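Okay, structure first, notes after.
Bear in mind that the values in this text are calculations on the coordinates, not laboratory data. Since this is a predicted model, take the numbers as computed values, not measurements. Ideal geometry is used to build each Cβ from the backbone, glycine not excepted, and the neighbour counts take in all protein chains shown.
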Amino acid sequence: MDNEEIKNMLLNQGKAFAEFKKANDERLKNLEMNVSVFAKKTGQRQTRSSKRIPLNNN
């Protein structure tokens, strides 16, 4: 493998991770919203989600 192939592989891996992170964040947002709606409908106390620490992707 030459340097250009390694560079492209790492760039593609970064893009794939960014897509995964976006989809996962959306899934978590929907899950939190559904839990909140369920809690309101059932009269249960809404639980707080843990704080997420953003990754520095520089």
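Some values worked out for this structure:
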{"quantity": "Stretchable slack from Arg27 to Thr42, in nm (0.36 nm times residue separation minus alpha-carbon distance)", "calculated": "3.2 nm"}
{"quantity": "Segment Met1-Phe20, length gained on full extension (0.36 nm per residue, minus Cα span)", "calculated": "4.2 nm"}
{"quantity": "Computed label-point distance, nm, for sites Leu55 and Leu11 using a 7 Å Cα→Cβ extension", "calculated": "2.0 nm"}
